[in-house]
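Here the structure comes first, spelled out in structure tokens, and everything after it is commentary.
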Amino acid sequence: MKIFRTVLFFGTFGAIMLCPTVSAQDVLTGWFSAVHGDMQPGAEPEHHMKYFLTLETGDVVQLHIPEGLLSILGDIEEIQGQYSEVAGQIHAGVPQASLDVESLFYEMPRLRGGTVQGSKPWISILVKYSDIASEPENLAFFNGMYGSSVGQLNHYWQEVSYQNIDVLGSSSSDWRDLPQPQTFYAPTPGSGTSANLTAVFNDAIAAHDPFVDFTNGGTGGYEGINIMINGVLDCCAWGGGRFATIDGISKSWRVTWDPPWAFGDEAVIAHEMGHGFGLPHSNNSDGDGNPYDSPWDVMSSATGYTMTDPTYGKLGKHTIAYHKDRLGWIEPGEKLLIDTQGIFTVVVDHLALASTPNLRMVQIPIGGSSSHYYTVEVRDQAGNYDGNLPGFAVIIHEVLSGRSEPAWVVDGDAVPANYADTEGVMWRVGEKFSDPANEISVRVDAETSNGFEITVSTISCADAFLAALSDWPGSEDVITLLEQLFCD
Ligand SMILES: [Zn+2]
């Protein structure tokens, strides 16, 4: 029987250990990378993760981390790029070595994760399998994808981040040949998870290195690398991080691996870049294993309810307030954290608005927790990227830090919908979400010019009533007070 144990050092290392079942272990040190694998929209929805360790030699070992250890590790973005020590059983393996991880120690403080601010130029490097000649799009297509017109990625990221980031200075490098055929890199093209992302990455960088200054003019390097491939990989497009030394720069690069169906819809590239920026998926509340069933987030159902562009297909939409806040794109004055008991009436504007004198989000701790809470946001069929959302409504997420999709859309229906485009997740004027066990309720009072007035209560009906009675002027009707105080 395995026993899980968490070991915390209050020094420079955070450590999480799964007690080994065997005594002889191999120990490796290096930089940790994680990538998300996303199925082609329309395929059986499945989410995959791969983990790697880049050794000081530059060699990369794939890490197999058991579920039990993953659940203890929590938010994998906290570890992205961290110098780590892993122990377990190593397997020589072809095409690359792998390690069955039994313990993982990582250096703190984290190097990645956290907020994302400023100019973030990416480079697209276009690569062809040696046995596939097609060039699905030309260089101008990929350069234009980073453009500043509506529908192009610089415009998109500027709008979504409220000008906190841009991708100005991004560029593309024209098609180059990989040295190997498709099945060398992806033994089962279009299915499975066996693509050798390390070989694709190394060979793609090598193919473009003579033509690309990855230092980006000595600025510390491109922020991220989109590897655009002329044929399918395995099941998925992949996005996340990769620690590597390129043109003398050693860092955790933001990296995506994109088959043609990925760059066929810019929404998919936005989603993978979102993983690159450190975002997880969000989810609905139906409890299945599919994290692609919320249309309110580019980081969930990326290609559902989108705007479209004649050149770049389905476009990314905004990401949810929790994700924007996580990346530091919600100003302090735009977020209300309700950490006291009471009744609060506020105006929340829709998330696609460029600027607002009101709120963009409300955060309501559950049981006073800073890692378990509700977020309240407003979404509208408005703007360049949210125009085709399912509706204009208050949307509530329950956030639990550490689970693989921290934010789940709250669904008011008794049985949560398979896909969160239903009335149950859209809180409209006159409706109220209640969590009586935690004495939390959110009522939608009225529509405003760009959102809704809402009233949040974090006090029980009885307490609210007693508090009101204590300074009751005596002239109001008690029923009106009860109504005001949520005692439906
Ligand atoms: Zn994903």
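Looking at Ala206, Ala195, which one is of a type in the set (Gly, Ala, Ser), under 19 Å from Val60 (Cα atoms) and without any contact (Cβ under 8 Å) to a residue 60 or more places away in the chain?
Selected residue: Ala206, the only one of Ala206, Ala195 that is of a type in the set (Gly, Ala, Ser), under 19 Å from Val60 (Cα atoms) and without any contact (Cβ under 8 Å) to a residue 60 or more places away in the chain.
If you check Asn388, Asn384, Asn418, which single one turns out to be in contact with a helix residue (DSSP H, G or I) (Cβ under 7 Å, 6 or more places away or on another chain) and surrounded by fewer than 20 Cβ atoms within 10 Å (Cβ to Cβ)?
On the way: Asn388 fails: in contact with a helix residue (DSSP H, G or I) (Cβ under 7 Å, 6 or more places away or on another chain); Asn418 fails: in contact with a helix residue (DSSP H, G or I) (Cβ under 7 Å, 6 or more places away or on another chain).
Among Asn388, Asn384, Asn418, only Asn384 is in contact with a helix residue (DSSP H, G or I) (Cβ under 7 Å, 6 or more places away or on another chain) and surrounded by fewer than 20 Cβ atoms within 10 Å (Cβ to Cβ).
Which members of the stretch 219-233 meet the condition of being buried (at least 24 other Cβ atoms within 10 Å of the Cβ) and either among the small types (Gly, Ala, Ser) or not in a strand (DSSP E or B) (or both)?
Within the stretch 219-233, Tyr222, Glu223, Leu233 meet the criteria.
Give the residue that is farthest from the ligand (Cβ to nearest atom), with candidates limited to residues of the stretch 50-63 that are without any contact (Cβ under 8 Å) to a residue 60 or more places away in the chain and not in a loop (DSSP other than H, G, I, E, B). First the steps, then the outcome.
At the first step, the residues of the stretch 50-63 found to be without any contact (Cβ under 8 Å) to a residue 60 or more places away in the chain are 51, 53, 55-57, 59, 61, 63.
When the remaining residues are screened for being not in a loop (DSSP other than H, G, I, E, B), the result is 51, 53, 55, 61, 63.
Working: Tyr51: 15, Leu53: 22, Leu55: 27, Val61: 23, Leu63: 19 Å.
Of everything passing the filter in the stretch 50-63, Leu55 is farthest from the ligand (Cβ to nearest atom).
Name the single residue that is most open to solvent (accessible area, probe 1.4 Å) among those in the stretch 54-84 being of a type outside the set (A, V, I, L, M) and within 17 Å of the chain's Cα centre (by Cα). Don't jump to the end; show me each part of the working.
Filtering the stretch 54-84 down to residues of a type outside the set (A, V, I, L, M) leaves 54, 56-59, 62, 64, 66-68, 71, 74-75, 77-78, 80-84.
Subset that is within 17 Å of the chain's Cα centre (by Cα): 74-75, 77-78, 80-81.
On the way: Gly74: 21, Asp75: 36, Glu77: 7, Glu78: 73, Gln80: 0, Gly81: 1 Å².
Applying the filter and picking the extreme gives Glu78.
Can you spot a residue in the stretch 355-364 that is hydroxyl-bearing (Ser, Thr, Tyr) and either surrounded by 15 or more Cβ atoms within 10 Å (Cβ to Cβ) or in contact (Cβ under 8 Å) with a residue 12 or more places away in the chain (or both)?
Yes.
Please work out if Gly274 is of a type in the set (Gly, Ala, Ser), in the same structural domain as Gln182 (by TED's automatic domain parsing) and either under 24 Å from Tyr374 (Cβ atoms) or within 16 Å of the ligand (Cβ to nearest atom) (or both). Explain how you work it out, then say what you get.
Values: of a type in the set (Gly, Ala, Ser): yes; in the same structural domain as Gln182 (by TED's automatic domain parsing): yes; either under 24 Å from Tyr374 (Cβ atoms) or within 16 Å of the ligand (Cβ to nearest atom) (or both): yes.
The answer is yes for Gly274.
Scan the stretch 240-255 and give yes if some residue there is closer than 19 Å to Lys314 by Cβ and either outside the structural domain of Ala207 (by TED's automatic domain parsing) or open to solvent by less than 10 Å² (accessible area, probe 1.4 Å) (or both), otherwise no. Explain how you work it out, then say what you get.
Within the stretch 240-255, the first condition is being closer than 19 Å to Lys314 by Cβ, and the residues that meet it are none.
No; the residues of the stretch 240-255 include none that is closer than 19 Å to Lys314 by Cβ and either outside the structural domain of Ala207 (by TED's automatic domain parsing) or open to solvent by less than 10 Å² (accessible area, probe 1.4 Å) (or both).
Residue pairs, Cβ under 6 Å, 6 or more apart or interchain, first in the stretch 374-385 and hydroxyl-bearing (Ser, Thr, Tyr), second open to solvent by 10 Å² or more (accessible area, probe 1.4 Å) and in a strand (DSSP E or B). List them.
Close Cβ pairs satisfying both conditions: Tyr374/Glu398; Thr375/Gln363.
Looking only at the stretch 278-304, count every residue that is within 19 Å of Ser161 (Cβ to Cβ) and away from the ligand (no atom under 12 Å from the Cβ) and tell me the total.
If we filter the stretch 278-304 for residues that are within 19 Å of Ser161 (Cβ to Cβ), which is where we start, we get 278-282, 296-300, 302.
Filter once more, keeping what is away from the ligand (no atom under 12 Å from the Cβ): 278, 296.
Within the stretch 278-304, residues that are within 19 Å of Ser161 (Cβ to Cβ) and away from the ligand (no atom under 12 Å from the Cβ) number 2.
Of Thr340, Thr306, which residue is in contact with a Lys or Arg (Cβ under 6 Å, 6 or more places away or on another chain) and outside any helix (DSSP H, G or I)? Reasoning before the result, please.
Values: Thr340 fails: in contact with a Lys or Arg (Cβ under 6 Å, 6 or more places away or on another chain).
After ruling out the rest, the residue left standing is Thr306.
Restricted to the stretch 36-46, and to residues that are part of a strand (DSSP E or B) and closer than 10 Å to Cys235 by Cα, which residue is nearest to the ligand (Cβ to nearest atom)?
At the first step, the residues of the stretch 36-46 found to be part of a strand (DSSP E or B) are 36-39.
Okay, now just the ones that are also closer than 10 Å to Cys235 by Cα, so 37-39.
Working: Gly37: 7, Asp38: 4, Met39: 9 Å.
Ranking the qualifying residues of the stretch 36-46, first place goes to Asp38.
Taking the stretch 247-267, which residues are in a loop (DSSP other than H, G, I, E, B) and within 29 Å of Gly30 (Cα to Cα)?
Listed by number, the residues that qualify are Asp247, Gly248, Pro259.
List, please: which pairs have Cβ atoms under 6 Å, are six or more places apart or on different chains, and start with a residue in the stretch 297-315 that is farther than 14 Å from Ala382 by Cα and among the basic types (Lys, Arg) and end with one that is modelled with pLDDT of 95 or more and more than 12 Å from the ligand (Cβ to nearest atom)?
Close Cβ pairs satisfying both conditions: Lys314/Asp265; Lys314/Thr306; Lys314/Thr308.
Return the only residue of Val150, Val200 being under 25 Å from the mean Cα position of the chain (by Cα), assigned by TED's automatic domain parsing to the domain that holds Gly276 and open to solvent by 60 Å² or more (accessible area, probe 1.4 Å). Explain how you work it out, then say what you get.
Values: Val200 fails: open to solvent by 60 Å² or more (accessible area, probe 1.4 Å).
Exactly one residue qualifies, and that residue is Val150.
Going residue by residue through the stretch 161-183, is there one that turns out to be closer than 15 Å to Arg254 by Cβ and acidic (Asp, Glu)? Step through it out loud before you land on a result.
If we filter the stretch 161-183 for residues that are closer than 15 Å to Arg254 by Cβ, which is where we start, we get 161, 165-167, 169-170.
Next, from what is left, pick out any that are acidic (Asp, Glu): 166.
The answer is yes, given that some residue of the stretch 161-183 is closer than 15 Å to Arg254 by Cβ and acidic (Asp, Glu).
Out of (1) out of contact with any His (no Cβ under 6 Å at 6 or more places or on another chain); (2) within 16 Å of the ligand (Cβ to nearest atom), the odd one out for Ile225 is which?
Failed condition: (2).
Kindly evaluate Gly316 against the criterion of being within 25 Å of Val362 (Cα to Cα) and assigned to a loop (DSSP other than H, G, I, E, B).
Numbers: within 25 Å of Val362 (Cα to Cα): yes; assigned to a loop (DSSP other than H, G, I, E, B): yes.
Answer is yes for this residue.
Identify all residues within the stretch 228-271 that are under 13 Å from Leu197 (Cβ atoms) and within 11 Å of the ligand (Cβ to nearest atom); write none if there are none.
Listed by number, the residues that qualify are Cys236, Ala237, Trp238, Gly239, Gly240, Thr256.
Restricting attention to the stretch 307-330, and to residues there that are hydroxyl-bearing (Ser, Thr, Tyr) and more than 15 Å from the ligand (Cβ to nearest atom), which single residue is nearest to the chain's Cα centre (by Cα)?
Here is the first cut: in the stretch 307-330, the residues hydroxyl-bearing (Ser, Thr, Tyr) are 308, 311-312, 319, 322.
Okay, now just the ones that are also more than 15 Å from the ligand (Cβ to nearest atom), so 308, 311-312, 322.
Details: Thr308: 22, Thr311: 25, Tyr312: 21, Tyr322: 10 Å.
In this case the residue turns out to be Tyr322.
Considering Thr183, Thr256, which residue is of a type outside the set (A, V, I, L, M, F, W, C) and either in contact with a Lys or Arg (Cβ under 8 Å, 6 or more places away or on another chain) or more than 21 Å from Asn138 (Cβ to Cβ) (or both)?
Being of a type outside the set (A, V, I, L, M, F, W, C) and either in contact with a Lys or Arg (Cβ under 8 Å, 6 or more places away or on another chain) or more than 21 Å from Asn138 (Cβ to Cβ) (or both) holds for just one of Thr183, Thr256, which is Thr183.
The values are calculated or read from the model by the stated rules, or taken from the named source; none is laboratory data. None of these values were measured; they are calculated from a predicted model. Note that each Cβ is placed from the backbone with ideal geometry, even for glycine, and that neighbours are counted across all protein chains shown. SASA here: full protein model, heavy atoms, side chains in, ligands and nucleic acids out. Shrake-Rupley method; radii C 1.70, N 1.55, O 1.52, S 1.80 Å.
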